[in-house]
Each structure stands twice: as C-alpha cells, then as structure tokens.
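Participant: After the structure tokens below, expect a handful of questions from me.
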Amino acid sequence: MRMDHTQAPVLDALAAYQDAKQLGFSPPGHKHARGAAPEVRAVLGDAVFLGDVLASGGLDDRRTRSGVLQRAEDLMADAVHAEHTFFSTCGSSLSVKAAMLSVAWHGEKLLIGRDAHKSVVAGLILSGIEPVWIDPQWDAGRHLAHPPSAEAFERAFQEHPDARGALVTSPTPYGSAADLAAIAEVCHRRGRPLVVDEAWGAHLPFHPDLPSWAMDAGADVCVTSIHKMGSGLEQGSVFHLQGDLVDHDTLASRADLLGTTSPSVLLYAGIDGWRRQMVSDGRDLLAGALDLASRVRQEIEDIDGMHVNDRADFCGPGAGAEFDPLPVVVDITGLGTSGYRAADWLRENHHIDLHLVDHRRISAQLTHADDAETAGRLLTALRDLARTAHTLGPGPEMVIPSPAELRQPQVCLPRDAYFSATEDVPVEEAVGRVAAEMMTPYPPGIPAVLPGERLTEPVLDYLRTGIEAGMNVPDPADPLLRTVRVCADGEGS
C-alpha cells in the first residue's frame with residue numbers, strides 16, 4: 001500500500017495538542033513555558049517549551065492508542081527502503097548499542113572495524129562482547145583510515161567462525177565509504193547479520209550520486225544520526241531493520257532497555273519533519289548541495305597552500321569504495337600550520353566553526369542547508385587564513401605513529417578492564433600497563449586507546465604530543481594525560 005508522505009504524524013499531533021489548549025497536570029514542570037525563567041524564555045523562545053510535551057499522556061493518550069510514533073516510524077521505514085524503523089532521542093550512541101546487543105552478548109564475538117566510534121566501545125563495555133578487531137585500510141602518507149575491506153571481514157570470519165556478526169562504520173566522518181554490498185555478502189553467506197554505523201549517512205537514500213545506502217546494500221541493521229547530515233535536532237537518531245537475521249522484538253527490547261522513559265517530542269518532531277522534507281524535496285535539495293560543494297571544492301583548491309581531498313585521494317585499492325563530497329576535507333600542510341591552530345583562528349577571527357580538525361586537515365561539512373551566502377563566508381575566511389597562516393606557526397610537533405604502531409594488543413575484554421580495580425599512574429610509567437579507560441581524539445570520536453589494550457610508547461607519545469598541539473581528548477580521567485588510568489597490578493592481564 002502506498003504511504004502518504006505528506007503526513008507528519010508527530011508534527012500534526014503536536015499542532016492538534018496546541019490547538020486544543022490541553023492543560024497538563026503532569027511533567028514537564030515548566031507547563032508550556034509558564035514556569036520557565038524569563039531569561040531562559042528570552043534566549044530559547046516559547047516555541048521550544050510549547051513543543052516539549054509528554055509523548056504518552058500528552059502527544060498521544062496514556063496508552064498511545066493513536067499510534068502517533070508508530071505511524072511516523074512506518075513512514076520513515078518506507079522512505080528509506082527499510083522494513084522497520086525505530087526513533088531514538090538518545091543519539092546514535094544509543095542506537096548502535098541497541099543493535100550490538102541484539103546481535104551478540106557477553107563472551108560472544110563480534111567482528112568490528114577498529115575505526116569504530118567510542119559509542120561502539122561503550123557497547124562492548126556494557127555487554128561484555130568480545131571484539132574481533134578488523135583493521136581499517138590505512139593511508140600511511142595522509143595518516144588517514146578508510147573503512148575495512150570485505151576481504152578483511154572474510155579472513156576474520158575464517159579465523160573466527162563463531163563470530164555472531166559484523167559491524168562496520170560507513171561513511172567515515174571524512175566521507176570515505178565501504179563496499180557495503182560485498183561486506184553484507186560475506187556476512188550473509190554465513191547467515192550472520194551486518195550492522196552498519198551510518199551515523200554520517202542520513203542523506204544517502206535521497207540522491208543517486210551519493211554513496212550506497214546501507215539498506216539498499218543489504219545491511220541488516222543501519223544506524224543513522226538525523227542531526228548530522230539531516231535537519232533533525234541534536235540527539236535525533238533512527239535505526240532501521242530488514243530481514244530475519246536480527247529479531248525485531250529483541251532489537252526493540254534492547255532499545256527500550258537503554259533508552260529514556262522520557263523521550264523528547266521535539267526530537268521526534270524534528271525527525272518526522274525531516275523525513276517529509278526529504279521525500280518531498282530531498283533530491284532537489286541534495287542536488288543543490290552537491291553542486292554547491294563542487295564549486296566550493298574548486299575554489300578552495302585554487303587557494304595557495306590548500307588541497308581539497310577528493311575521490312582520487314580517498315577511493316581505490318586499499319582505500320574507500322565510494323565517496324561523499326559533502327564533507328569538504330582540506331589538507332593545509334602547505335600553509336605551514338596545524339589544523340588545530342587554523343580552526344581556532346577561524347573561530348576567533350571569522351566566527352566560523354569547523355567540524356573535523358587534526359594535525360594537518362580542517363573539514364567544513366556542507367549540507368542542503370548551505371547556500372551561496374554561507375559558502376561565501378567560508379571561502380572568505382579560508383582565503384584570509386591562507387594570507388595569515390604564516391603568523392600562526394606550525395605549533396608543537398606531534399609524534400605521528402605508523403599504522404602498525406597505532407594498534408595495541410587487546411589483552412582482555414574492554415568490559416573486564418573498565419570494571420577492574422584501577423590506579424592512576426604518571427604517563428611516563430604507563431607503557432606496558434593495561435588501559436582501563438578510553439582515550440579518544442574528538443572529533444571524530446574514534447578511540448586511540450581502548451580499555452583492555454596494553455599501552456605502547458608510540459600511542460602515548462601520539463596522544464601526549466597531540467594534546468600539546470591542540471588535540472581534544474575529553475574522556476580520560478585526566479584529559480591532559482599527565483596521568484593514565486590503568487588496571488591495578490594483577491588486574492586485566
């Protein structure tokens with residue numbers, strides 16, 4: 001049956017709730033903004049509070065008999081060629097954990113690309129799943145990781161035939177995408193499911209010139225952040241299901257176990273409205289975004305000292321299979337300064353916030369929301385940066401390990417190390433000890449150190465010198481890495 005995508009069940013129910021002048025003697029306590037501080041209302045506006053109602057006993061009746069959320073999820077599933085969709089107001093960090101816990105459990109193995117987000121590692125800690133790490137495809141010259149190959153998953157399944165399934169991140173925050181169809185075939189030949197962390201791919205189903213959408217490529221579960229490349233609010237996420245290798249009710253139960261009992265209707269509304277927008281106008285909006293990105297990329301390439309990484313840089317043998325041009329990744333090695341210093345200078349002098357920054361790159365994420373005006377501001381700022389970069393200097397020198405040096409031996413389960421007795425030791429004394437915490441350059445949020453890994457000098461030098469150079473590593477007990485939290489003697493080894 002053809003579905004009516006002009007509907008937006010959450011938005012429509014919210015409008016009806018407001019039109020009916022419902023009076024709640026229930027949470028939220030601000031009572032339609034009346035109790036909010038005037039200073040807060042002045043900044044946020046009353047619309048935020050008016051849209052902040054209970055999902056059940058507010059937006060819908062107390063038994064959700066109108067099926068508002070279910071209808072919205074069904075429409076989303078239809079829009080992106082999935083069989084089932086679940087909304088999450090706790091971000092893709094929750095969604096990917098729910099997917100993992102639906103595939104494997106304590107002591108069972110899961111094949112996972114080592115370029116996974118820290119939320120995947122959090123899922124390992126919560127579940128006790130044993131990770132079988134699949135190395136990314138490393139570009140040693142650019143110091144950049146691309147998604148693992150299908151051949152790497154094939155070899156891992158041969159060595160670990162008891163693995164319950166596989167998880168891959170695609171596209172990466174840099175725009176490099178995996179050969180998902182080939183990886184899905186490797187999994188399905190063994191009757192094992194493929195979970196795709198496609199947090200950066202909300203836009204992919206809606207234009208043919210973008211990388212393959214995970215559901216179309218045969219993934220069993222796909223996790224997507226609507227707030228990253230879509231128009232949703234922060235923390236708005238969806239995860240999609242197809243096939244019978246992951247049980248629907250189990251996935252729903254795991255999400256319920258981890259999720260909040262007080263979901264934000266505002267986030268639901270943002271997801272619902274974005275789906276309607278994309279079905280109606282997504283192809284045209286994304287065509288405009290792709291055309292804008294092409295022009296912006298060329299103009300940045302013409303700036304002395306800047307090189308825009310493109311398909312030729314990121315795709316091919318030993319690299320990505322497909323490429324998303326909307327993350328505009330700019331190598332500024334030629335400017336003689338670091339990405340950290342460049343990003344800070346752009347924020348301070350041009351009020352422009354970039355997304356990914358590292359020792360040699362800056363990245364400007366374009367979406368369908370950008371236009372000639374926003375692109376013009378970006379280009380003006382980058383040209384100014386090129387003229388000024390010589391005054392910034394290169395910054396403290398970072399020690400960049402080789403790809404082989406970045407991998408540390410996993411000597412125990414992340415869960416066991418994380419929950420073991422721990423001690424904090426000076427970083428100079430941490431080599432050879434077993435990490436009891438994550439150490440994650442952020443963004444993009446891919447841990448350099450996992451609980452249960454035996455710490456090595458090259459990785460610690462990389463993080464220590466990176467922090468001195470401007471890297472943000474927010475999750476260790478000591479974000480400046482003067483000390484490191486490790487398993488106490490006799491623990492985790």
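Participant: Using only DSSP helix segments of four residues or longer, with each worth -39500 (n - 2.57), what per-residue ellipticity at 222 nm results for the chain after dividing by its residue count and rounding to 500?
Facilitator: Working: 18 runs with 188 residues, N = 493.
Rounded to the nearest 500, it is -11500 deg cm²/dmol.
Participant: List, in order, the whole-Hz ³J(HN,Hα) value for each residue of the stretch 405-421 obtained from phi through the Karplus relation with A = 6.51, B = -1.76, C = 1.60 and θ = phi - 60°; use x for Gly and Pro.
Facilitator: 6, 6, 8, 10, x, 8, 9, 7, 4, x, 4, 5, 5, 5, 9, 7, 5
Participant: Report ³J(HN,Hα) in whole Hz for each residue of the stretch 356-365, in order, from the Karplus equation J = 6.51 cos²θ - 1.76 cosθ + 1.60 where θ = phi - 60°; Gly and Pro get x.
Facilitator: In residue order, the calculated couplings are 6, 9, 9, 5, 9, 9, 10, 9, 10, 7 Hz.
Participant: Roughly what % antiparallel, to the nearest 5, for the DSSP beta bridges in the chain?
Facilitator: That works out to approximately 65 percent antiparallel.
Participant: Oh, and also: Taking Cα centroids, how far is the stretch 292-368 from the stretch 227-255 in Å?
Facilitator: If we compute the Cα centre of each part, the gap is 30 Å.
Participant: Which net charge results when you count Lys and Arg as +1 and Asp and Glu as -1 among the other residues whose beta-carbon is under 12 Å from that of Ile226?
Facilitator: Around Ile226, the charge tally is -1.
Participant: Only bridges with both residues in the stretch 177-310 count here: give the DSSP antiparallel percent, nearest 5. Numbers along the way, then the final one.
Facilitator: Details: 5 of 8 bridges.
The antiparallel proportion sits near 60 percent.
Participant: Take the solvent-accessible surface of the protein heavy atoms, probe 1.4 Å, and return the percent of it on the stretch 320-365 that carbon and sulfur atoms account for.
Facilitator: Numbers: 730 of 1670 Å².
Heavy-atom surface of the stretch 320-365 belonging to carbon and sulfur, 1.4 Å probe: 43 percent.
Participant: Please work out the C-alpha center-to-center distance from the stretch 58-113 to the stretch 121-199 and express it in whole Å.
Facilitator: 21
Participant: Something else now. Residues of the chain: accessible area per residue at 1.4 Å, in Å²?
Facilitator: Values: 20950 Å² over 493 residues.
Dividing the accessible area of the chain by its residue count gives 42 Å².
Participant: With a cut-off of at most 13 other beta carbons within 10 Å, and DSSP calling the residue loop, which chymotrypsin sites (Phe, Trp or Tyr not before Pro) in the stretch 1-97 qualify? Please list them.
Facilitator: Of the chymotrypsin sites (Phe, Trp or Tyr not before Pro), the ones in loops of the stretch 1-97 whose Cβ has at most 13 other Cβ atoms within 10 Å are Phe25.
Participant: Please report, ordered by residue number, every helix of the chain (full DSSP H runs) that is 18 Å or longer along its axis going by C-alpha atoms and whose mean Kyte-Doolittle hydropathy reaches -0.5.
Facilitator: Values: long enough: 91-103 (19 Å, 1.08); 265-301 (43 Å, -0.06); 372-388 (24 Å, -0.04).
Helices meeting the span and hydropathy rule in the chain are 91-103, 265-301, 372-388.
Participant: Another question about this same structure. Applying a 10 Å radius around every beta-carbon, put 331-338, 163-170, 444-451 in order of their mean neighbour count, most first.
Facilitator: 163-170, 444-451, 331-338
The values are calculated or read from the model by the stated rules, or taken from the named source; none is laboratory data. Model, not experiment: these values are computed from the prediction. Methodologically, a virtual Cβ is constructed for each residue, glycine included, from the backbone with ideal geometry; neighbour enumeration extends over all protein chains shown. These accessible areas exclude ligands, DNA and RNA; they are computed on the full protein's heavy atoms, side chains included. Shrake-Rupley method; radii C 1.70, N 1.55, O 1.52, S 1.80 Å.
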